[in-house]
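So the structure is just underneath, and the comments pick up after that.
The values are calculated or read from the model by the stated rules, or taken from the named source; none is laboratory data. On a predicted model such as this, the values are computed, not experimentally measured, just so you know. Cβ atoms come from the backbone with ideal geometry, glycine included; neighbour counts cover every protein chain shown.
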Amino acid sequence: MSERNDWRVIHRGRSRHQLQDASLVLTAVGIEHDLVEEEFDWSLQVPEALAPAAIAHLEKYRLENRPRLPAPPPEQVDNGWTGLLGFLLVLWLVPSLQANGVFGWDWLVAGRMDAGLVVSGQWWRSVTALTLHADLAHLLGNSLFGAVFGLFVGRFLGSGLGWLLIVLGGALGNTMNAWLRPEDFRAIGASTATFAALAIGSGFVWRRGYFRGRGWRRAFAPVFAGIALLSFTGIGGERTDVVAHFTGFAAGMVLGISAATWNIRYLGLIGQRLCGIATLAILAIAWTFAGAAAGSG
């Protein structure tokens, strides 16, 4: 069939089937059209006056139904074991120093999170409290969960940067907790940093868009998973500091989302090592201040 003089070909296909969707779109919007079989292919034709509107509707349909870009694959920076081993070393070293009264300090009194003292200016307690534990069960629990969440963070942010953010998240969480509590409130334990690590991983994965293109529920799956784990493991128990868990999680979420906007690769090996050194320096400086305050007291 030849083309009509007052009609325009707006689309061609090798078969009628290839033009069927376009035909259905034009039918739905009430634009007159025809599928015409030609010598080697098929054409979709519309009256010349309706051609601009038909083309606009087909372009709108194409944009609305184009394939979504696949989510970028997760980029692993390192295996995370260096940071994890450093975490376990510090976590188990401090109780040993505490038990032996090294430097003549009462490590528990000097380093615990004391809300009144933190608010009055003893910032280091928000850091030192992360390394103190009440008993072996407390230490084992924080070691286990900290290892799991911290290993994940270390793999995707690097052992140096990852653990620097975890310590900062734990310290910020403890500081917020101190401001929310009465002056005589006291607490110890790495759980604030543990839940900061959980949130850092959740926020980072969500902001990087590793689940995008699969519906909004799947896109927010990392955040939902983090909240679910917080609810499942961070609530309950006689000595559980629920407020600290939530403040640590909140601080970690902010840090994780922020870190997702950085190009972690730019740090390189040297940058990661410097971040690791900075993490240990923060702990050492905090305990130095704690010891000095204890000595002067």
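Some values worked out for this structure:
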quantity	calculated
Exclusive hit being outside any strand (DSSP E or B), surrounded by fewer than 11 Cβ atoms within 10 Å (Cβ to Cβ) and at pLDDT 85 or above, set Glu32, Glu59, Glu39	Glu59
Gly104 surrounded by fewer than 12 Cβ atoms within 10 Å (Cβ to Cβ) and assigned by TED's automatic domain parsing to the domain that holds Ala219	yes
Among the candidates Gly141, Gly173, Gly189, Gly86, residue that is assigned to a helix (DSSP H, G or I) and buried (at least 24 other Cβ atoms within 10 Å of the Cβ)	Gly173
Test: Gly162 is crowded, with 24+ Cβ neighbours inside 10 Å, out of contact with any Leu (no Cβ under 6 Å at 6 or more places or on another chain) and part of a helix (DSSP H, G or I)	yes
Neighbours by Cβ (under 8 Å, 6+ apart or cross-chain): first from the range 96-107, within 12 Å of Ala292 (Cα to Cα) and modelled with pLDDT of 90 or more; second among the polar types (S, T, N, Q) and surrounded by 12 or more Cβ atoms within 10 Å (Cβ to Cβ)	Trp107/Gln98
Among the residues listed as Val46, Val127, Val77, Val109, the single one being surrounded by 14 or more Cβ atoms within 10 Å (Cβ to Cβ) and assigned to a helix (DSSP H, G or I)	Val127
Arg186 closer than 26 Å to Ile270 by Cα and either of a type in the set (D, E, K, R) or not assigned by TED's automatic domain parsing to the domain that holds Phe249 (or both)	no
Residue match in the range 118-125 (condition: farther than 27 Å from Phe204 by Cβ, of a type in the set (Phe, Trp, Tyr) and assigned by TED's automatic domain parsing to the domain that holds Cys275)	yes
Considering residues of the range 261-284 that are touching a residue at least 12 places away in the same chain (Cβ under 8 Å) and farther than 15 Å from Leu165 by Cβ only, the residue surrounded by the fewest Cβ atoms within 10 Å (Cβ to Cβ)	Arg265
